[in-house]
1. Can you tell me how many residues in the range 77-120 are open to solvent by 30 Å² or more (accessible area, probe 1.4 Å), outside any helix (DSSP H, G or I) and at pLDDT 85 or above?
2. Pick from the range 145-170 the residues that are among the acidic types (Asp, Glu) and modelled with pLDDT of 70 or more: which of them is most open to solvent (accessible area, probe 1.4 Å)?
3. Working carefully through the options 267, 225, find the one that is out of contact with any helix residue (DSSP H, G or I) (no Cβ under 6 Å at 6 or more places or on another chain), surrounded by fewer than 18 Cβ atoms within 10 Å (Cβ to Cβ) and within 26 Å of residue 348 (Cβ to Cβ).
4. Of all residues being in contact with a helix residue (DSSP H, G or I) (Cβ under 7 Å, 6 or more places away or on another chain) and among the polar types (S, T, N, Q) in the range 202-222, which is modelled with the lowest pLDDT? Just the residue, please.
5. Determine whether the range 281-293 contains at least one residue that is open to solvent by 10 Å² or more (accessible area, probe 1.4 Å), among the β-branched types (Val, Ile, Thr), part of a loop (DSSP other than H, G, I, E, B) and under 23 Å from residue 149 (Cα atoms).
6. Inspect the range 326-335 for any residue being surrounded by fewer than 20 Cβ atoms within 10 Å (Cβ to Cβ), part of a helix (DSSP H, G or I) and of a type outside the set (D, E, K, R) and give the result as yes or no.
7. Considering 139, 123, which residue is over 30 Å from residue 285 (Cβ atoms), modelled with pLDDT of 85 or more, among the hydrophobic types (A, V, I, L, M, F, W, C) and within 20 Å of the chain's Cα centre (by Cα)?
8. For residue 320, all conditions in the list (1) under 27 Å from residue 101 (Cα atoms); (2) modelled with pLDDT under 95 hold save one; what is the number of the exception?
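The values are calculated or read from the model by the stated rules, or taken from the named source; none is laboratory data. Just so we're clear, the structure is a prediction, and the values are computed from it rather than from any experiment. Cβ atoms come from the backbone with ideal geometry, glycine included; neighbour counts cover every protein chain shown. Heavy atoms of the whole protein, side chains included, go into the accessibility calculation; ligands, DNA and RNA do not. Shrake-Rupley method; radii C 1.70, N 1.55, O 1.52, S 1.80 Å.
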Amino acid sequence: MVLGGEGGADGTGVALEGDEARMDAALEKLYGGGRDEARGRAGRRSAGLGDSAPSVARWLGDIRSYFPSTVVQVMQKDAIERLNLTRLLLEPEMLDAVEPDVHLVGTLLSLNQVMPDRARESARTVVRTVVQELERRLAQRTRSAIGGALDRSARVLRPRRLADVDWERTIRTNLRHYLPDHRTLVPERLVGYGRRQQAVKRDVVLCIDQSGSMAASVVYASVFGAVLASMRSLRTSLVVFDTAVVDLTEQLHDPVELLFGTQLGGGTDINRALAYCQGLITRPNDSIFVLISDLYEGGVRAEMLQRVAALTAAGVQVVVLLALSDEGAPSYDHENAAALAALGVPAFACTPDAFPDLMAAAVERRDLKEWSERQAETPPPP
């Protein structure tokens, strides 16, 4: 990302003009400082955007003019971390200039409790933009994958009534028994629909760690929670926790309101969250419990493990995700992850694009350890 620069063009021998010079100036403000101590002492290049929202807003406008959105998002994230611009995100003019993305939403949510009223509506606009984009990207695939898994899990091989026979699948299953002389097919087995009296086929409980390191996971999980809640065949609950537990199920119809109901940055009491979620599970054999946490337990570790063991023994399909984000597994408690694996509950990271398939595997009660290992071996799409 270094184009050239002042005083001998940074050793490149190439002087920059026009847009290239302006691109280099934008990069210099963010990445120019700290290249080496001598240069820092000489003061020839130093990072900085100025201590005001208008100057940062102008810089954000510049980088959006010269770089693609994927690069802009990386530069914004670096600017917040390297130049300590968190305070300036509370300014409406700053929020109007940013490129919305998941990491920015996580930062805004962490500032939710101190955000002034004049910045709140701009922040909601940023969050709403990101949520809508994620829903467009993920909703249809989620409904398709989970809906297909629910249909497959509901089929029976011995339908009791003629009306329950799935004739299309029965014919395809028995094609090898076609009798050409008689121009007929003799089905060896029938494939039928499951009984449909019970509209809700699975209960899903999402339990999300809202400590600061889980910001991106909170955003993605909230969007998926809203999508799952829109499916009639699922009964979805969503709970967030730090040292306290908050049930946000009532907000699932509006993921933006749901996200503003979180409070990123607290401690962690997984055991307390599990105790609450156990009370939500009334049909263990038809329930999927998804814990999203880095597993750094601040509560009673032994009780936490006992509760997970009790859930699995009761027939609940337990899924533990160290992260639900594009960045892979973060720092996490390896000892707790190993203890869960010993209980038959592997803990692994999952990308948002893979989450629909993971939930489909959970619906069908496939081996999730095998599923995660297969995902790890699959190269990412080009």
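1. Of the residues in that region, 1 qualify.
2. 168
3. 267
4. Going through the qualifying residues, I end up with 210.
5. yes
6. Within the range 326-335, one or more residues are surrounded by fewer than 20 Cβ atoms within 10 Å (Cβ to Cβ), part of a helix (DSSP H, G or I) and of a type outside the set (D, E, K, R).
7. Result: 123 is the single residue among 139, 123 that is over 30 Å from residue 285 (Cβ atoms), modelled with pLDDT of 85 or more, among the hydrophobic types (A, V, I, L, M, F, W, C) and within 20 Å of the chain's Cα centre (by Cα).
8. (2)
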